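Please read the structure below before turning to the comments.
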Amino acid sequence: MKVQQGGTQKWCPNCKETQVVSAVNASRLGAPSGQRWYKVDHEDIQYFRRGQICQECGHEWLSAEVPEAFLDELVELRVALRDIKLHAETYSRQSTLASQSLEKLSTSLSVLRALDVYKAES
Ligand SMILES: [Zn+2]
């Protein structure tokens, strides 16, 4: 087991485990300076930006502190999007099959029309 020596412990996306992390000014990571931000067109999404550096691997990233309700919303949106994608693929396959069936029906009608016994209704 690794010995942790003080400092804030956070999930490092590079190490994929919890590590000691230092907070730095976001501008050091190339982001505009300033810590309080919001998304244009989504002014309810207000967040606090920080630069993070993993003391284990040196990976640097930006983090955003948001109200937890946004994380719940993110999970809901991911699930909804997954369902939409799944259904869209099913509908796409089914519409291809339906299109092929209609084409066969059209061919069959052409054959019927060529026969004298078939009279198209007008
Ligand atoms: Zn790391």
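The values are calculated or read from the model by the stated rules, or taken from the named source; none is laboratory data. Since the model is a prediction, treat every value here as computed from it, not as a measurement. A quick note on method: Cβ atoms are made from the backbone with ideal geometry, for glycine too, and the neighbour counts reach across all protein chains shown. Ligands, DNA and RNA are stripped out before the accessible areas are found, and what is left, the full protein with its side chains, is counted by its heavy atoms. Shrake-Rupley method; radii C 1.70, N 1.55, O 1.52, S 1.80 Å.
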Run the accessible area of the chain with a 1.4 Å probe and give the carbon-and-sulfur part as a rounded percent.
-> 54 percent
Mean separation of Cα contacts under 8 Å (6+ apart) over length of the chain, as relative contact order % = 15 percent
Area of E60 that stays accessible when all protein chains are in place (1.4 Å probe, Å², to 10) | 90 Å²
Taking the Cα centre of the stretch 1-70 as origin, sum charge times position over the Cβ atoms of Lys and Arg (+1) and Asp and Glu (-1), and report the length of that vector in debye to the nearest 20.
-> 260 debye
Translational D (Stokes-Einstein, µm²/s) of the chain at 25 °C and 0.890 mPa s when Rh comes from the Kirkwood sum over C-alpha pairs?
-> 121 µm²/s
Residue farthest toward the positive end of the dipole of the stretch 1-89, with Cβ of Lys/Arg at +1 and Asp/Glu at -1: which of V79, W11, L29?
-> L29
With every protein chain kept in the model, how would you rank R82, R36 by accessible area, 1.4 Å probe, largest at the top?
-> R36, R82
1.4 Å probe accessible area per residue over the chain, in Å² = 83 Å²
Expressed in angstrom and ordered largest first, the alpha-carbon extents of the stretch 67-122 along the principal axes are 75, 20, 8
With every protein chain in place, the accessible area of V40 for a 1.4 Å probe, in Å² rounded to the nearest 10, comes to 110 Å²
For helix 68-114, report the angle its Cα long axis makes with the longest principal axis of the Cα atoms of the chain; keep it between 0 and 90° and round to the nearest 10°.
-> 20 degrees
